[in-house]
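Derivation of every value follows stated rules applied to the coordinates shown; laboratory data play no part. Just so you know, these numbers come straight off a predicted model, no measurement behind them. Methodologically, a virtual Cβ is constructed for each residue, glycine included, from the backbone with ideal geometry; neighbour enumeration extends over all protein chains shown.
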Amino acid sequence: MPLNINKITDQATMLENRIRKRFHHLKKWAQRINIDAFRIYDRDIPEIPLVLDWYNGFIAGSFYERPYEVPELEELLWLNTMKHAISHILEIDAEHIYIRKRQRIHQYQRLPGNERWVNVHENDLIFHINVSNYVDTGLFLDRRALRFLIRNEVYGKKVLNLFCYTAAFSVAAARGGAESIDSVDLSNTYLEWAYHNFNLNAIPVYRVNSLTFLKNKYQLIRAEVRHFLNEAQRHNIRWDYIILDAPTFSNSKRMQIPLDISRDYPQLIHSCLSLLNSNGTLWFSTNTHRFHCDETLFPGFMIQNYSEKLRMEDFCKKLPYCFKIQKVGVDSPQKK
């Protein structure tokens, strides 16, 4: 289905009108809750398959494939016209807009181009964001409400954050007064990023070997999560609070067996539950499409679906699946 200049111009106008309305509303909302990173557009208009996130004066976005073929030069013209419309309506330099075509790229793969970093705030927290060089920017905006919730629940608790990525959950837990936090990831790149996030927030953190289990208050641990869980079980280590925000799929060369969360979630969840202290809590979340959590696999545990409860003003589309798992008879803090 070929595009034409008039159609492209009309779509640019439609995008401007939509962003003008959403951004005006969301900016006031964001100021009230003291954040400066939020989603402003999510394929609201079918003919404009873009997802656009605002990061303190920068736009990082994705361009999703159309269900029909468009000549490459025409697609480039279309995208440049959309960027110009975004630049105009938001009154930002076009060089502050980064939109990449959404495709299957390894999560840890660095994209070409000069690095562009920006710091963003969530209340009193600061996070270091790369808007230009990775599939993800370093902060999952759709997990924001869960970060708020976790921060309010972990005071005095021992916390384990698995697949910690850039450790946004861990930083939030530290500000919430967690007694200790162990953050585990396989990527040196993301653990270095996590270290920087802790430093940005003036929170001391240590980097340790996965097999040492040193007793630092806050530590970053490079390890394959399944191996780490087995080692923790062998060393009889327990936590009060475990965060399992797992990728949909991972086939890192450093993994002996690729991770497929649709297949592997029962084993991962059981491993985490076996490491919880009494009255412990497991948060499990995933972006897997059409995910189904078979609760019959976890007898003796109460599973609460929080997916819709964690919706915030800037997310109109489907949110990640999110479950709170506790032993039966243990009330969640919200019910006290």
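Would you mind counting up the charge near Phe228? Only other residues with Cβ under 11 Å from its Cβ, with Lys and Arg at +1 and Asp and Glu at -1. Let's see the in-between values first.
Details: positive: Arg222, Arg226, Arg234; negative: Asp182, Asp185, Glu224, Glu231.
So the surrounding residues net to -1.
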Picking from Gln219, Gln326, Gln304, which is most flexible by a Gaussian network model of the chain using Cα springs under 10 Å? Gln304
Calculating Rg and Dmax of the Cα atoms in Å from this structure picks out, from (1) 19.1, 59; (2) 21.0, 67; (3) 20.5, 77, entry (2)
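How do the peptides 8-19, 160-171 rank, highest first, by the average count of neighbouring beta carbon atoms within 10 Å per residue? Could you put the intermediate results ahead of the total?
Numbers: 8-19: 16.4, 160-171: 26.4.
In descending order of packing, they fall as 160-171, 8-19.
If you take the beta carbon distance between Asn188 and Thr248 as r and set R0 to 25 Å, what does 1/(1 + (r/R0)^6) give as a FRET efficiency, to the nearest 0.05?
Numbers: r = 22 Å, r/R0 = 0.87.
Plugging the Cβ-Cβ distance into 1/(1 + (r/R0)^6) gives 0.70.
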Simple spin-label estimate for Asn4/Glu295, 7 Å along Cα→Cβ, in nm, reads 5.5 nm
